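The values are calculated or read from the model by the stated rules, or taken from the named source; none is laboratory data. This is a predicted model, so every value here is computed, not measured. Quick reminder, even Gly has a Cβ in these numbers, built from the backbone with ideal geometry, and neighbours come from all protein chains shown.
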Amino acid sequence: MAAEAYGGNKTLVPRFEAVSRWDGDIALATPASSDATIAVFKVHRGVLAYHSKVFADMLALPVDAAHNETYEDVPLVCLHDNEDDLCKLIKAMYDLSSLRLQRFDADTPLQVRGVLTLAVKYEVESVREYIVSHIEADWPRTFEELCRWRLDFLHTMEVRTLHNQDITLRAEHIYPEPASAIRLAFDFGITSILPAAFYRLSLASVKSVWKENPPGWTWNPDWFSARWDLLTGSDYRRLMNGKDALRRAQKELPWVWHDGNADCEPECMEGKQDLHDSHHPAFPQSDNDVFFELLRMSKDLRECNTASLCNLCPECREAIKQNITALLDEMWTSLPRIFLLDQEL
């Protein structure tokens, strides 16, 4: 009868790899990857009912024993889900770590989409929450997290350079990929990651298409790439609106240097000019990472990376630091608005 439920003569094939339990008291069947077989998972009712309200309600229904189909003397339930995704879901109900999610893995949104779909379908909250929390942890959701996120990258590059390691590392080897994350976020309501994901996407060049082995890392807009083909028309509209808004905001950046002591000593004026010359040329480029440049500027200012910066008077130093912080905070707060995340498109 199980074969008939799937439209033809098919063979029941047990799946054993850390999923089927020899003492399981119920079997779940679903079409296998091979058209000629049906995958069967022998599991425990208690585990299904504990993790899934849908399975709990399903198993609570009265069953006519005379007409109930069995597999190895236990009830057989016929499902119509992807074999591999169901396998991952069952494994995760027994052990969440079986999902083997890695921090900042660019492929995570693609890898979890199927099992997350089933976790939502069968209301397996433990698995859904585990995946969502992992996705959220990969993206900054506050201004403070953004600062740590970007400075961590700068620190990584400095360490690799210091130890003469290969610096052909691209940003996408460290950061998650934005397009797949954006699609997952919209489809499953993980909206907290969208501001950072869209900003990250705004740094990518449309000429730079995601590849498993991207070319060598360089400091230019092409250092970021994306899986552009995953995006929808609405995604592109949000992106273009955000890029235009960021381009306009960059024109206001010179005010960062204007406050402070108007009657500074020549050495202090020289320090401000040095800071301006070191960072301002990067800003007019529409795809440049303004957050990163401002954070790098703040770091240079704090560490006195040049002799002239050490000569800044306390008043000017503090004014510039406050201006940088205010601008960063204002830009972060504006991301949901400029990427139209507060609108239905």
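Based on what the data block shows, is LYS88 at negative phi and buried (at least 20 other Cβ atoms within 10 Å of the Cβ)? Full working, then the answer.
On the way: at negative phi: yes; buried (at least 20 other Cβ atoms within 10 Å of the Cβ): yes.
Yes, satisfied.
Before we move on, is LEU89 farther than 22 Å from PHE188 by Cα, in a helix (DSSP H, G or I) and touching a helix residue (DSSP H, G or I) at 6+ places or on another chain (Cβ under 6 Å)?
Numbers: farther than 22 Å from PHE188 by Cα: no; in a helix (DSSP H, G or I): yes; touching a helix residue (DSSP H, G or I) at 6+ places or on another chain (Cβ under 6 Å): yes.
For LEU89, the condition - farther than 22 Å from PHE188 by Cα, in a helix (DSSP H, G or I) and touching a helix residue (DSSP H, G or I) at 6+ places or on another chain (Cβ under 6 Å) - is not met.
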Inset, instruction - Exactly one condition in (1) free of Cβ contacts under 8 Å to residues at least 24 places away in the same chain; (2) touching a Phe, Trp or Tyr at 6+ places or on another chain (Cβ under 9 Å) is not met by GLU330; state its number. - result: (2)
Inset, instruction - Under 9 Å between Cβ atoms, at least 6 apart or on separate chains: pull out the pairs that start in the range 216-245 with a residue that is buried (at least 20 other Cβ atoms within 10 Å of the Cβ) and end on any residue that is of a type in the set (Lys, Arg) and modelled with pLDDT under 90. - result: TRP223/ARG170; PHE224/ARG170; SER225/ARG170; SER225/LYS207; SER225/LYS211
Inset, instruction - Return the only residue of LEU151, LEU61, LEU116 being within 24 Å of ARG227 (Cα to Cα) and not β-branched (Val, Ile, Thr). - result: LEU116
Legend entry - Verdict on LEU96 being in contact (Cβ under 8 Å) with a residue 24 or more places away in the chain, touching a helix residue (DSSP H, G or I) at 6+ places or on another chain (Cβ under 6 Å) and surrounded by fewer than 18 Cβ atoms within 10 Å (Cβ to Cβ): yes
